[in-house]
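Participant: Sharing a structure, written as structure tokens. Questions coming.
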Amino acid sequence: GSFMLRPLSPSRHWKEAATLILAAGRGRGFTPRPPSLFDYDVLLLKRSGKSGFMPNAYVFPGGVVDASDFSSEWLDIFRSFTNSPTFGLRSVKQHLETRPPIFATDRLKLGSPIPGEVALRICALRETFEESGVLLVAPKIEEKKMLKNIKDFELQVLPNIWALHEWGNWLTPASRYGTTRFDTAFFICCLQEIPHTLQDDKEIERFQWSTPSEILQSYQAQKLWIAPPQFYELSRLCRFPLLNDLHNFASQRATAGCEQWMPVVVSNDEHLISLLPGDKLYPVDSPRDSEAAKNTVPPSKDHQDASPLHRIVISDRYTLRLQITITPKYNHVLPVAHSAVSHDSKSQL
């Protein structure tokens, strides 16, 4: 019936989405810029003030999965890869039982022959193109060798799903009743140089290429607003000032898999605390199904307590602190804690 295209999300409460952290070599641009430890920039887009979800926020490109991302027509476009499992993407070592549902869901049972790992990458590439004009494609050289008849080639490129490395999976925490919540696959892609960008004026007000530390400093100076997952991931990128190191790490790490992170927000007297998996206060039963976390935290009597912390302490919209003592899973890296960056802004006023 009319619902044929809808059953792609494993859960009715969550809209599946994909996001792309796009890093590109800084190169020798026309505008002189202050020297930086980083030899690359990351693409951020400013969402429209009219947007229903996080208006005016700076975000990585991405968006909600569309039925077309799961269309069987992709089988034809990727036909030279349909014999290799998952269209030639490398296989992930993580056991299926521990894979986040967004990756583990059997899409054939939901009526699509396109594996989730392919469709989510197509979504990230499509949204990146729609929002910024950057189209990441791979030449169809391989197929050309096999086909003598060149007439078939209108567009001699394929969406470059192989350049996107699995990075993480963030879910929107429970917030005001009725807000749309997203289950978002995060991918990362490293480019040698910054591509030409064209912004989409409907959803996006502006875009900018900046180093991870520039973005975090602008955020702390209240010049732009980023959500906690962006803060966390940009702080994680601060482990890699060099694009080549980031690329090598991301591509090697990607086959390990990732963990589903649904922040659980609780409050103590002064702050909101966004708890992440592994934190001693994180609810053990899957918070995705039961929002059963108690929303207040008893004040900690013993600050020397060595039990595991994995949390974002939110003092106000522009003041976040990472408190992390856990070892990251799936060969990932911890964010750099940025208390050093803020240079006590009050003393400079």
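The values are calculated or read from the model by the stated rules, or taken from the named source; none is laboratory data. As the structure is a computational prediction, the values presented were derived from the model and not from experiment. Positions of Cβ are generated from backbone atoms using ideal geometry, with glycine treated the same way; all protein chains shown enter the neighbour counts. To get the accessible areas, we keep the full protein, side chains included, count just its heavy atoms, and leave off ligands, DNA and RNA. Shrake-Rupley method; radii C 1.70, N 1.55, O 1.52, S 1.80 Å.
Participant: Just flag the GluC sites (Glu not before Pro) in the range 223-281 sitting in loop per DSSP whose Cβ has no more than 11 other Cβ atoms within 10 Å. It would help to have the intermediate numbers written out before the result.
Facilitator: Numbers: sites: GLU233, GLU259, GLU270; in loops: GLU259, GLU270.
Those that pass, being in a loop and sparsely packed, are GLU270.
Participant: Excluding ligands and nucleic acids, what accessible area in Å² is computed for THR179 using a 1.4 Å probe, to the nearest 10?
Facilitator: Surface accessible to solvent at THR179 totals approximately 40 Å².
Participant: Can you tell me the order of 64-73, 315-324 when each peptide is scored by its average per-residue count of other Cβ atoms within 10 angstrom, highest first? Don't jump to the answer; show the numbers that get you there.
Facilitator: Values: 64-73: 16.7, 315-324: 15.1.
Final packing ranking: 64-73, 315-324.
Participant: Within 14 Å, Cβ to Cβ, of PRO195, how many net charges do the neighbouring residues add up to if Lys/Arg are +1 and Asp/Glu are -1?
Facilitator: Details: positive: ARG26; negative: ASP41, GLU131, GLU193.
Net charge in that neighbourhood comes out at -2.
Participant: Applying a 10 Å radius around every beta-carbon, put 104-114, 184-194 in order of their mean neighbour count, most first. Please report the intermediate quantities before stating the final value.
Facilitator: Working: 104-114: 14.9, 184-194: 21.6.
In descending order of packing, they fall as 184-194, 104-114.
Participant: In this model, which of LYS223/LYS329; LYS15/LYS280; LYS223/LYS280; LYS15/LYS50 are farther than 30 Å apart at the alpha-carbon? Don't skip to the end; give the middle numbers.
Facilitator: Details: LYS223/LYS329 33 Å; LYS15/LYS280 28 Å; LYS223/LYS280 34 Å; LYS15/LYS50 20 Å.
Violating the 30 Å Cα-Cα cut-off are LYS223/LYS329; LYS223/LYS280.
Participant: Please compute the contact order of the range 155-279 in relative form: average sequence separation of alpha-carbon pairs under 8 Å and at least six residues apart, divided by the residue count, as a percent. Don't skip to the answer; put the middle values down first.
Facilitator: On the way: 115 pairs, mean separation 39.9, N = 125.
Across the range 155-279, relative contact order equals 32 percent.
Participant: HIS271: accessible area at probe 1.4 Å, nearest 10 Å²?
Facilitator: 40
Participant: Which residues' amide hydrogens lie under 5 Å from the amide hydrogen of VAL265, considering only partners 5 or more residues apart or on another chain, with H built in the peptide plane?
Facilitator: The answer is ALA174, LEU275.
Participant: So, one more: For the range 264-282 and the range 11-86, write down the distance between their C-alpha centroids in whole Å.
Facilitator: 29
Participant: How long is the gain from LEU75 to LYS280 if the chain were fully straight, where each residue apart is worth 0.36 nm and the alpha carbon distance is subtracted? Before the final figure, lay out each step's value.
Facilitator: Working: separation 205, 0.36 × 205 = 73.80 nm, distance 4.51 nm.
Extra length from LEU75 to LYS280 when fully extended: 69.3 nm.
Participant: Quick check for you: with a 1.4 Å probe and neighbouring chains kept, what is the accessible area per residue of the range 188-243, in Å²? Please list the in-between numbers first.
Facilitator: Values: 2540 Å² over 56 residues.
Solvent-accessible surface per residue comes out at 45 Å².
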